[in-house]
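Undergrad: Take a look at this one; I'll ask things after.
Only the coordinates and a few stated rules stand behind these numbers; no lab work does. What you see is a predicted model, and the numbers here were worked out from it, not measured in a lab. Cβ: placed from backbone, ideal geometry, glycine included. Neighbour counts: every protein chain shown.
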Amino acid sequence: MGERSQVRGLDVIVEQDSDGWFVGSVPALAGCHTQARTRTELRDRIAEAIDLCREAEPPAQPLDPRQNR
């Protein structure tokens, strides 16, 4: 298992693959992951991925069906 860090207040798992690339995943956000050649670049990319995943998330509360009338 990889090492853990925090970006934008979320846990990030960082691993290095067999080709030397760093891979970052955010377990709290489905499909939120990226890769980079350096740890510094990975931190920037994972921050961007978190922002994009948060934008794409559905609303936390179900919409009130009465509002759709």
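Undergrad: What is the spin-label model distance, in nm, from ASP19 to ASP44 if the labels are put 7 Å beyond Cα along the C-beta direction?
TA: Each label point lies 7 Å from its Cα, and together they span 2.0 nm.
Undergrad: Which peptide among 38-48, 15-25 comes first, and what is the full order, when sorted by highest mean count of other Cβ atoms within 10 Å?
TA: Packing order, densest peptide first, comes out as 38-48, 15-25.
Undergrad: ASP51 to ALA28: extension gain in nm, 0.36 nm per residue of separation minus the Cα-Cα distance?
TA: Here the answer is 7.0 nm.
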